[in-house]
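Data first, discussion second: the structure below is written as structure tokens.
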Amino acid sequence: LVSSEHHPGRSTVRVAGVPVGGDNMTVIAGPCAVETPDQTLEAARMARAAGASLLRGGAYKPRTSPYAFQGLGETGLKILADVRAETGLPIVTEVVDAGDVDLVAGYADMLQIGTRNMQNFALLQAAGEAGRPVLLKRGMNATIEEWLMAAEYIAQRGNLDIVLCERGIRTFEKATRNTLDISAVPVAQSLSHLPVIVDPSHSGGKRELVLPLSRAAIAAGADGVIVDVHPAPETALCDGPQALFGDDIGELAGIAATLAPLV
Ligand code: PEP
């Protein structure tokens, strides 16, 4: 269902009316985690200034350590909904448990499935039935074929509104959190009709890599980027070192605007 063999041409996925794919270069931005109403609203304003048309933000955080901040849960979803009402930005937010899909879908405009859950088949199937577009991140240990098969699990439940997201894979390299597999963009676009975006924040894990990796993603033909921004990264409860702030925001907006015509 997701293969380009059975579906020639490129698909456009609409998230509350916002197109991802086709001739569009979509910027999704926001905080890694929803922490407070003020922090989320401020980050949403930064996202808009960066040219974003969708707001990201995690209310359920799948952390490596069980002692790390796990997200605000439904309280975080309510904050996101309030910020959407205030800014007009539709929400992309992660769901980590099949049992929470209906709850999260009640607030979210797009469901995100994270790298750690790419092969959580019960979650993929539940997301496929939720009536919301799905952002499917590539598993950090997954091949492109496994990633497309994961998308197939969602599609098989009747939902073809899927956006693929390359977010880095595990390699021997320790200078970055994960290695952004830039070749995955054209490869996935040739094997599948689904839009492919890139997460330069979670792949590199470092603020100074986010803009160069965004340029690389757009130049490689990605349909968009999803980027962490935070009004005060030094106090962030999750992944502060990779969040853009200040002047970086203007630069991201410039990159999106100037490189988009190349795609
Ligand atoms: C995220 O986008 O919030 C996230 C946790 O990303 P990933 O699943 O790619 O690590």
Does residue 83 satisfy the condition of being surrounded by 22 or more Cβ atoms within 10 Å (Cβ to Cβ), β-branched (Val, Ile, Thr), more than 16 Å from the ligand (Cβ to nearest atom) and under 20 Å from residue 226 (Cβ atoms)? yes
Considering only residues that are loosely packed, with under 15 Cβ neighbours inside 10 Å and away from the ligand (no atom under 13 Å from the Cβ), look in the range 130-156 and name the one that is farthest from the chain's Cα centre (by Cα). 156
Taking into account only those residues within the range 40-54 that are within 15 Å of the ligand (Cβ to nearest atom) and farther than 30 Å from residue 10 by Cα, which is surrounded by the fewest Cβ atoms within 10 Å (Cβ to Cβ)? 40
Checking the structure you have, find out if any residue of the range 159-174 is away from the ligand (no atom under 14 Å from the Cβ), touching a helix residue (DSSP H, G or I) at 6+ places or on another chain (Cβ under 7 Å) and among the small types (Gly, Ala, Ser). no
Scan the range 156-166 and tell me whether some residue there is under 26 Å from residue 204 (Cα atoms) and part of a loop (DSSP other than H, G, I, E, B). no
Looking only at the range 223-263, count every residue that is within 22 Å of residue 112 (Cβ to Cβ) and either in contact with a Ser or Thr (Cβ under 9 Å, 6 or more places away or on another chain) or outside any loop (DSSP other than H, G, I, E, B) (or both) and tell me the total. 17
All positions within the range 69-117 that are acidic (Asp, Glu) and more than 13 Å from the chain's Cα centre (by Cα): 74, 82, 86, 97, 100, 102
Filter the range 180-230 down to residues that are over 24 Å from residue 152 (Cβ atoms) and of a type in the set (S, T, N, Q) and give me whichever is surrounded by the fewest Cβ atoms within 10 Å (Cβ to Cβ). 214
Quick one: which of 35, 74 is charged (D, E, K, R), within 15 Å of the ligand (Cβ to nearest atom), farther than 15 Å from residue 227 by Cβ and at pLDDT 95 or above? 35
If I ask for residues that are over 24 Å from residue 169 (Cα atoms) and in contact with a Lys or Arg (Cβ under 6 Å, 6 or more places away or on another chain), which ones from the range 109-137 would you list? 128, 129
Could you tell me whether any residue of the range 7-23 is within 16 Å of the ligand (Cβ to nearest atom), at pLDDT 95 or above, closer than 28 Å to residue 216 by Cα and in a strand (DSSP E or B)? yes
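The values are calculated or read from the model by the stated rules, or taken from the named source; none is laboratory data. Keep in mind that this is a model prediction, so the values were computed, not measured. Neighbour counts run over all protein chains shown; Cβ positions are idealised from the backbone, glycine included.
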